[in-house]
Amino acid sequence: MNASWLNGFDHFFEQLVHLMPGLKSLMLKITFLADTKVDLVWMLLIAIILWIKKQHPLSLSIVVSLITADAFGWVVKHVVQRPRPINHMAVDDGFSFPSGHTLGMAIIVFWLIMIMIPALVKNRTARIWLNVLLIVWLILVMISRVYLYAHYPSDVCGSVALGAMWVGIVDAVWDKVTPRTIKNNF
């Protein structure tokens, strides 16, 4: 983790994020809304709504995606054991990579973008706007974690990559165990 290019990447983006002074209160609110416990609430709300709408395979898919990703993230965090930044302002403890806030939100965002929105939103313009809003939200979560010195920029970028990869893996496995007609029974 001491590669000079990685340190340069982290330093550049830390300085860029900290050009915006006075945003601590906003960043703490964003961090709260992306907390891993709140992610579980988001996931459960989505799953319940899908279950009520008789979208049982989709409902189970998001539950499996988030729970397995949280477990995977915990394992990676304890294997890598990257220390947090020195000026850490948030109340998080433990290691820096991967960012649980970012990983959980990336799972939800990519699951919505890759699986749910294409399946349920037929209007192309609405799909594009929903995708843009979700990506902007994910970027705000990433910025909040760096702004509060809870993570390095490379931690949040790596967490987004892990999230995208994990949703792709879960979707590929889901396709193998659930015929397309059952998975997308809309």
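Select from the stretch 1-58 the residues that are among the small types (G, A, S), within 23 Å of G158 (Cβ to Cβ) and not in a helix (DSSP H, G or I) and write down the one among them that is modelled with the lowest pLDDT.
By that ranking, first place goes to A3.
For S61, are the conditions met, namely being buried (at least 20 other Cβ atoms within 10 Å of the Cβ), part of a helix (DSSP H, G or I), touching a Phe, Trp or Tyr at 6+ places or on another chain (Cβ under 8 Å) and hydroxyl-bearing (S, T, Y)?
For S61, the condition - buried (at least 20 other Cβ atoms within 10 Å of the Cβ), part of a helix (DSSP H, G or I), touching a Phe, Trp or Tyr at 6+ places or on another chain (Cβ under 8 Å) and hydroxyl-bearing (S, T, Y) - is met.
Among the residues of the stretch 138-163, which ones are out of contact with any helix residue (DSSP H, G or I) (no Cβ under 7 Å at 6 or more places or on another chain) and part of a helix (DSSP H, G or I)?
I139, D155, C157, G158, A161
Go over the candidates V167, V132 one by one and state the one that is in a helix (DSSP H, G or I), touching a residue at least 40 places away in the same chain (Cβ under 8 Å), out of contact with any Gly (no Cβ under 7 Å at 6 or more places or on another chain) and closer than 27 Å to M27 by Cβ.
Matching residue, one of V167, V132: V167.
If you scan the stretch 25-58, which residues turn out to be in contact with a Phe, Trp or Tyr (Cβ under 8 Å, 6 or more places away or on another chain) and within 21 Å of G94 (Cα to Cα)?
Answer for the stretch 25-58, where residues must be in contact with a Phe, Trp or Tyr (Cβ under 8 Å, 6 or more places away or on another chain) and within 21 Å of G94 (Cα to Cα): M27, V38.
Modelled with pLDDT of 85 or more and either within 15 Å of Y147 (Cβ to Cβ) or surrounded by 13 or more Cβ atoms within 10 Å (Cβ to Cβ) (or both): does that describe I108?
yes
Considering the stretch 119-146 alone, what residues qualify as being among the hydroxyl-bearing types (S, T, Y) and surrounded by fewer than 23 Cβ atoms within 10 Å (Cβ to Cβ)?
If the condition is that a residue be among the hydroxyl-bearing types (S, T, Y) and surrounded by fewer than 23 Cβ atoms within 10 Å (Cβ to Cβ), then T125 is the only one that fits.
Within the stretch 166-184, restricting attention to residues that are surrounded by 15 or more Cβ atoms within 10 Å (Cβ to Cβ) and either within 24 Å of G73 (Cα to Cα) or in contact with a Lys or Arg (Cβ under 8 Å, 6 or more places away or on another chain) (or both), which residue is modelled with the lowest pLDDT?
Taking the candidates together, the pick is W174.
Take the residues of the stretch 25-55 that are over 21 Å from the mean Cα position of the chain (by Cα) and touching a residue at least 24 places away in the same chain (Cβ under 8 Å): which is surrounded by the most Cβ atoms within 10 Å (Cβ to Cβ)?
Checking each candidate, the answer is Q55.
Kindly list the number of the only condition in (1) part of a helix (DSSP H, G or I); (2) touching a helix residue (DSSP H, G or I) at 6+ places or on another chain (Cβ under 6 Å); (3) over 16 Å from A34 (Cα atoms) that fails for T102.
(3) is the only condition that T102 fails.
The values are calculated or read from the model by the stated rules, or taken from the named source; none is laboratory data. Keep in mind the model is a prediction, meaning the values are calculated, not measured. With ideal geometry, Cβ positions are generated from the backbone for all residues, glycine too; neighbour counts draw on all protein chains shown.
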